[in-house]
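Data block below; observations after.
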Amino acid sequence: MIATLAGDMTHLASVLVLLLKIHTIKSCAGVSLKTQELYALVFATRYLDIFTSYISLYNTVMKLIFLGSSFSIVWYIRRHKIVRRSYDKDQDTFRHIFLVLPCVILALLINERFTFKEVMWTFSLYLEAVAILPQLVLLQRTRNIDNLTGQYVFLLGAYRALYILNWMYRYFTEAHYVHWITWISGLVQTLLYADFFYYYFQSWKNNEKLHLPA
C-alpha cells in the first residue's frame, strides 16, 4: 500500500513537473508530443468506468487528474500560441501508430476477459509500457536535456518501479495474487527506462548536465 501511494505521488509529481515547465516557462522544448498523445490515449481507454464505477474519492480524483492533465498537455503543445513554437516537430518523428496497432491486436488476443472494458483496460497497459519510447528517442536525438524534462522522465519511470515493489510484496503476502498481464507490462515499461536511469544517476553523481548518447 505504501509503495502504491508512493508510486501514485511520484506519477503525480511527474505530471506537475511537466505542467510547471510548460505553463511557467511557456516552453515544451525536449517534450515529445507523440508520447503525450499516447498517454492521453492510455488514460482515456483505462478510465472508461470513471462515471459508472465508484471505488473511492481518492481513486476518482486521481483518474480525473491524469485524464485532465494528459489532454491539457497535448492541447498546450498543439494549440497554445506561445508553447507550440518551441515544439521540435522535426526531431519528434517517431511513428506512434506503430505502437498503437500492435497493442490493439495484443489486447484482443491476450486479455483476462473478452469484454469491451477489459480489452480497453488491457490495451492501456500494453500501450503505457511503450508510450515513453518517442520521448526517449527525442532525448537521444537532442542529447542536451534541461533539468525539468530530465526530472519528468525520471519520475515517470520511478512510479512504475515503485508499483513493481508493491506487486512483489502482495505476491508474497496475499494468496492467489497473480496478474501476469499487469506484471509483464510493468516490467517492460521499467526496463525501457534502464538506460535513462543510468545516465540520470551518472549526471547526478558527477553534478553534470544530463546527456544521452546518440
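The values are calculated or read from the model by the stated rules, or taken from the named source; none is laboratory data. Just so we're clear, the structure is a prediction, and the values are computed from it rather than from any experiment. Cβ placement follows ideal geometry from the backbone for every residue including glycine, while neighbour counts extend to all protein chains displayed. Calculation scope for accessible area: heavy atoms of the full protein, side chains included, ligands and nucleic acids excluded. Shrake-Rupley method; radii C 1.70, N 1.55, O 1.52, S 1.80 Å.
Scanning the range 167-194 for residues that are open to solvent by less than 70 Å² (accessible area, probe 1.4 Å), in a helix (DSSP H, G or I) and without any contact (Cβ under 8 Å) to a residue 40 or more places away in the chain returns 167, 183, 190, 194.
Scanning the range 195-214 for residues that are in a loop (DSSP other than H, G, I, E, B) and among the charged types (D, E, K, R) turns up 208, 209. Here is a list: 164, 145. Which entry is open to solvent by less than 50 Å² (accessible area, probe 1.4 Å) and in contact with a strand residue (DSSP E or B) (Cβ under 8 Å, 6 or more places away or on another chain)? After applying the criteria, what remains is 145. In the range 68-86, the condition of being in contact (Cβ under 8 Å) with a residue 24 or more places away in the chain and closer than 27 Å to residue 167 by Cα is met by at least one residue. If the condition is being assigned to a helix (DSSP H, G or I), more than 21 Å from the chain's Cα centre (by Cα) and surrounded by 13 or more Cβ atoms within 10 Å (Cβ to Cβ), then the range 85-117 contributes only 86. For the range 111-146, which positions are free of Cβ contacts under 8 Å to residues at least 40 places away in the same chain and of a type in the set (S, T, N, Q)? Scanning the range 111-146 gives a single hit, 115. Scanning the range 119-137 for residues being open to solvent by less than 30 Å² (accessible area, probe 1.4 Å), part of a helix (DSSP H, G or I) and under 12 Å from residue 196 (Cα atoms) gives a total of 2. The residues of the range 59-82 that are among the basic types (Lys, Arg) and open to solvent by less than 30 Å² (accessible area, probe 1.4 Å) amount to a single one, 63. Answer yes or no: is there a residue in the range 47-58 that is among the aliphatic types (A, V, I, L, M), open to solvent by less than 40 Å² (accessible area, probe 1.4 Å) and assigned to a helix (DSSP H, G or I). There is no residue in the range 47-58 that is among the aliphatic types (A, V, I, L, M), open to solvent by less than 40 Å² (accessible area, probe 1.4 Å) and assigned to a helix (DSSP H, G or I).
Taken over the range 139-160, the criterion of being assigned to a helix (DSSP H, G or I) and over 16 Å from the mean Cα position of the chain (by Cα) is satisfied by 140, 141, 142, 147.
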